[in-house]
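Structure, as structure tokens:
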Amino acid sequence: MRRRLSGSTRQAIADVFAHLDYKHLESVYCYEGGDEFWRAKREPCRKLGTQVAEALVPTLPRGGRSLYIGAGVAELPVLIAEAIDRERHVEPYNLRRSEVVVLNRACQELSVRFLARDASSARGRFDHLWMVSVLNDPERFPHLSPLSYGQADPVSFNPFEFQKERRIVQAIVKQCMPKLTTPGLVTTSTEEVVWIADWCHRHKVPYRVSRKHYPTALVGDPICFIKIG
Ligand SMILES: C[S@@+](CC[C@H](N)C(=O)[O-])C[C@H]1O[C@@H](n2cnc3c(N)ncnc32)[C@H](O)[C@@H]1O
């Protein structure tokens, strides 16, 4: 069930989206046509992000901690809603240093600070992990990603390169999942559920995937929630 965010949270989200340096973000998200991309995506990104925040944030315990593995512009509404409406500690990580600079500048009035580091370096435990469109990223995993999306070409598919990338993906999951307290919650894309499920099976941890999916505006992978433990 969705619950409307407070007026102050909505205002904070609108302010951050108004203060983002979209010119700088063009080259982070696009090889070309970045100007057009942000003109088209900026508002859907705020709107769909707010819808996810309305579904997710009221279910998270007040004062808890969330680890965001690979968070960018799309995650801003949820991060802001967690921090303001639930007074939660949010720790977003992103390996793209130039994007982190832009995001932190836009969030300087808030308690949201992006870290340009590997999320596996995060300390302590979290009751919520967010990892959306990270393990199926076609730029980082060009051999694994087509398989994730059901688009692998059997003629050109390279199983050796795929295996290397699968080991990296499994290592990311292996490093991050133990940071989750149980019972806990994972937010991920429908394409990435299998990696979380695989970890749960290996560790004999029960999990339940939500039936409801939420659309996203930038990468476009639908989001779902997984109850762990
Ligand atoms: C395809 S982008 C998705 C960004 C965002 N989640 C979205 O849906 O728009 C993948 C992001 O994950 C980040 N990333 C990948 N592995 C990471 C790690 N181990 N720690 C932190 N960030 C990571 C990359 O830097 C990149 O910003």
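Any read-out appearing in this document is the output of simple, stated calculations on the displayed coordinates, not a laboratory observation. These figures come from a predicted structure and were not determined experimentally. Cβ sites come from the backbone with ideal geometry, for glycine too, and all protein chains shown count toward neighbours.
Can you check what the net charge comes to around ASP35, using other residues whose Cβ is under 14 Å from the Cβ of ASP35 (Lys, Arg +1; Asp, Glu -1)?
On the way: positive: LYS23, ARG39, LYS41, ARG42; negative: ASP21, GLU26, GLU32, GLU36.
Net local charge, ASP35 excluded: 0.
Any chance you could run the full-extension gain for SER27 through MET1? It's 0.36 nm times the residue separation minus the Cα-Cα distance, nm to one decimal.
Between SER27 and MET1, full extension yields 5.7 nm more.
Provide the FRET efficiency to the nearest 0.05 for the ALA197-ASP118 pair, computing r from the beta carbons and using R0 = 35 Å.
Using R0 = 35 Å, I get an efficiency of 0.90.
HN-Hα J couplings of the stretch 68-79 from phi, Karplus 6.51/-1.76/1.60, θ = phi - 60°, integer Hz, Gly and Pro as x?
So the Karplus estimates, Gly and Pro as x, are 9, 9, x, 9, x, 4, 4, 8, 3, x, 6, 4 Hz.
Quick one: net charge around GLY229, please, counting Lys, Arg +1 and Asp, Glu -1 for every other residue with C-beta under 13 Å from its C-beta.
Details: positive: ARG125, LYS204, ARG208, LYS227; negative: ASP127.
Net charge in that neighbourhood comes out at +3.
Which of rounded, prolate or oblate describes the chain when judged by the alpha-carbon gyration tensor and an a/c cut-off of 1.5?
oblate
Measure off 7 Å from each Cα along the Cα-to-Cβ vector at GLN170 and VAL219, then give the distance between these two points in nanometres to one decimal.
2.1 nm
Which ³J(HN,Hα) values, rounded to whole Hz and listed in residue order, are derived for the stretch 218-229 from phi using the Karplus coefficients 6.51, -1.76 and 1.60 in 6.51 cos²θ - 1.76 cosθ + 1.60 with θ = phi - 60°, glycine and proline given as x?
Running phi through 6.51 cos²θ - 1.76 cosθ + 1.60 with θ = phi - 60° gives 8, 6, x, 6, x, 9, 9, 10, 10, 7, 10, x Hz.
Any chance you could count the Lys pairs in the chain whose alpha carbons are under 16 Å apart, treating pairs 8 or more apart or on different chains as valid? Walk me through the numbers before you get to the answer.
Numbers: LYS23/LYS41; LYS164/LYS174; LYS174/LYS204; LYS179/LYS227; LYS204/LYS227; LYS212/LYS227.
Lysine pairs, 8 or more places apart or on different chains, close enough: 6.
Hey, can you grab everything whose amide H is under 5 Å from the amide H of LEU180? Only 5+ residues off in sequence or another chain; H modelled, so Pro and N-termini drop out.
For LEU180, the qualifying residues are PHE126.
Give the order of MET1, MET177 when sorted by the count of other beta carbons within 10 angstrom, beginning with the fewest. Let's see the in-between values first.
Numbers: MET1 6, MET177 20.
Lowest to highest Cβ neighbour count: MET1, MET177.
Where does the chain land at 222 nm, in deg cm²/dmol rounded to the nearest 500, when only DSSP H runs of n ≥ 4 count, each adding -39500 (n - 2.57), divided by all residues?
Mean residue ellipticity, 222 nm, calculated: -13000 deg cm²/dmol.
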